[in-house]
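See below for the structure under consideration.
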Amino acid sequence: MGTQTSALGKFLLPAVVLTDGRILHRPSITELADQLGLDEVLDPNTMQDLVIVGAGPSGLAAAVYAASEGLSTVVIEGVAPGGQAGTSSKIENYLGFPTGVTGQGLANRALSQAQKFGTRFLVSRHVTSINQVDGIHHVKLAGGATVRSRAVVIATGAAYRKLSLENYERFEGQGIQYAATPMEASMCRDQEVAVVGGGNSAGQAAVFLAGVAKHVHLVIRRGSLTSTMSSYLIGRIETSSRITVHPYTEIDRLEGDASLRCVTFANRRTGESATRPIENLFVMIGAEPNTGWLFGTIALDRKGFIVTGLEDSFESSRYATNIPGIFAVGDVRSGSVKRVASAVGEGSIDVADIHRYLAAQRELAVGHDSASSEVAAFLS
């Protein structure tokens, strides 16, 4: 019986039960998005006012403000709405939520708000390139489809950085986690866990997991948290008897069978190491910008973030790229503040620049039409 169950689980799980009773066995993200109604079919000949690539906090904010102000808006998201913020267990310093809000909860509210104003979403659709032809942006999707738009906002955020360790890929999804949500926490009850990272995401995860785990080991390469983490989180970590901070420390070895069983971390100053029975390792060491598909198209800095606010950009907009009509907001933008609130602010403010850009384009088009009419009248 046990062997049969294991075999079934191997081939049929994960499974998703839909509201109509149907069960999807091991669905792709694209299939799941289709079944949940998160995807729409667009007429390739229809011109959009704005295409937003990425549905993290900045992209969703841009969608809400653009659609609410009358712009036909389409959001294209490669994975799921929420971005990195959507994986946060609890955001406690976001304005208006004194008791905190989960990243996914915030994303779900923003998604519903954007849809209320008429934003259309293409979920689990990856953008492969953007080309500008006669002032119109052709946004090409994997699979060959193209969406045409007068303006584009790139809000693709960043991807999780990984540790350079033997067996790392082997244990991804089998003990190595990049998010600390209630789902992950349920697997950590009364166990030792480790969190790697010294930023706010790592601190939020450590505090959250300390509520269910036996003990939380917070592993950081620096000597302290003061320069990388908000003071309110540092205070909670320092007063928690269930959290131990390991300064000047790195993960040295991962061991296990089908899943992670033990983690060894070493202090680089003292040379001391310790191996703990840790089956869940939360890696929160920052991210790399999702801009690989933009190389050769838009100006990027040496780290791959999108350069904005150039002197010759449209009206010297802080969010304009070197390509007219293409803007960048949030974590993907060079020099941005990597915070949820600032990402939302950038997405919101950028819409004013987009309105000015579209108005300028309309004036150019009218002027061109008038000139053409005068020439035609003269020739007749």
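The values are calculated or read from the model by the stated rules, or taken from the named source; none is laboratory data. Quantities reported herein were computed from a predicted structural model and do not represent experimental measurements. Cβ: placed from backbone, ideal geometry, glycine included. Neighbour counts: every protein chain shown. Please note that ligands, DNA and RNA were not included when accessible areas were found on the heavy atoms of the full protein model with its side chains. Shrake-Rupley method; radii C 1.70, N 1.55, O 1.52, S 1.80 Å.
Computed on protein heavy atoms with a 1.4 Å probe, the accessible areas place Asp257, Asp353, Asp301 in the order Asp257, Asp301, Asp353, largest first. Evaluated at q = 0.08 Å⁻¹, a Debye calculation over the C-alpha positions of the chain (equal weights, vacuum) places log10 I(q)/I(0) at -0.49. Between the C-alpha center of segment 182-198 and that of segment 209-231 there is a gap of 12 Å. Ile298 sits with roughly 10 Å² accessible to a 1.4 Å probe, with DNA, RNA and ligands left out of the calculation.
Write down the Å³ per residue value for the convex hull defined by the alpha carbon atoms of segment 53-181. Spell out each step's value before the answer.
Working: hull volume 17.5 nm³, N = 129.
Normalising the Cα hull of segment 53-181 by residue number yields 136 Å³.
Lys/Arg Cβ at +1, Asp/Glu Cβ at -1, dipole of the chain taken about the Cα centre: which of Phe305, Ser241, Ser149 is farthest positive-ward? Ranked along the dipole, the leading option is Ser241.
Taking amide H atoms as placed 1.01 Å from N in the peptide plane, the amide H of Leu218 lies under 5 Å from those of Val195, Thr244, Val245, His246, each 5 or more residues away in sequence or on another chain. Between the Cα long axis of helix 2-12 and the first principal axis of the chain there is an angle of about 20°, rounded to the nearest 10. For Asp252, the residues whose amide H sits under 5 Å from its own are Thr264, Phe265, Ala266, ignoring neighbours fewer than 5 places away on the same chain, with H placed 1.01 Å from N.
Could you work out what % of the accessible surface of the chain is carbon and sulfur, using a 1.4 angstrom probe and leaving DNA, RNA and ligands out of the count? Display every interim value, and only then the final one.
Working: 10180 of 19240 Å².
With neighbouring chains kept in place, the figure for the chain is 53 percent.
Only sites in a loop by DSSP and with at most 15 other Cβ atoms within 10 Å count here; which GluC sites (Glu not before Pro) in segment 152-242 make the cut? Walk me through the numbers before you get to the answer.
Details: sites: Glu166, Glu169, Glu172, Glu184, Glu192, Glu238; in loops: Glu166.
When the GluC sites (Glu not before Pro) of segment 152-242 are filtered for loop state and at most 15 Cβ neighbours within 10 Å, Glu166 remain.
Across segment 55-124, counting alpha-carbon atoms alone, Rg and Dmax equal 12.0, 35 Å. Of interest is the spacing of the C-alpha centroids, which for segment 53-76 and segment 94-143 amounts to 6 Å. Distant-in-sequence amide contacts of Gln177, defined by a placed amide H-H separation under 5 Å and a gap of 5 or more residues or a different chain, comprise Leu281, Phe282, Val283. The GNM of the chain, with springs linking C-alpha atoms under 10 angstrom apart, assigns the highest mean-square fluctuation among Leu358, Leu32, Leu95 to Leu95.
Which one of Gln113, Gln361, Gln84 has the biggest mean-square fluctuation once the chain is modelled by GNM with Cα springs under 10 Å? Ranking Gln113, Gln361, Gln84 by mean-square fluctuation puts Gln361 first.
When the pairs Lys162/Lys338; Lys116/Lys303; Lys90/Lys116; Lys214/Lys303; Lys162/Lys303; Lys214/Lys338 are compared against a 27 Å limit on Cα-Cα distance, Lys116/Lys303; Lys214/Lys303; Lys214/Lys338 fall above it.
Nothing charged except the Cβ atoms of Lys and Arg (+1) and of Asp and Glu (-1): what's the magnitude of the dipole of the chain about its Cα centre? Round to the nearest 20 debye.
Values: 33 positive and 36 negative charges, 222 e Å.
Rounded to the nearest 20 debye, it is 1060 debye.
Find the accessible area per residue for the chain; the probe is 1.4 Å, ligands and nucleic acids are left out, and the unit is Å².
On the way: 19240 Å² over 380 residues.
Value returned for the chain: 51 Å² of accessible area per residue.
From the largest down, segment 218-303 spans 49, 38, 23 angstrom on the principal axes of its Cα atoms.
Pull up the DSSP beta bridges for segment 22-144 and report the antiparallel fraction as a percent, rounded to 5.
Restricted to segment 22-144, the bridges split so that about 45 percent are antiparallel.
Evaluate the relative contact order of the chain (contact order divided by residue number), counting alpha-carbon pairs under 8 angstrom at least 6 apart; express in whole percent. Present the calculation step by step, with values, prior to reporting the outcome.
Values: 769 pairs, mean separation 61.0, N = 380.
Over the chain, the number comes to 16 percent.
Of Ile154, Ile306, Ile176, which has the largest mean-square fluctuation in a 10 Å C-alpha GNM of the chain? Comparing Ile154, Ile306, Ile176 in a Gaussian network model of the chain, the most mobile one is Ile176. Take the convex hull of the alpha carbons in segment 240-348; its mean projected area over all directions comes to 11.3 nm².
For the chain, adding -39500 (n - 2.57) for each run of n ≥ 4 DSSP H residues and dividing by the number of residues yields -9000 deg cm²/dmol at 222 nm.
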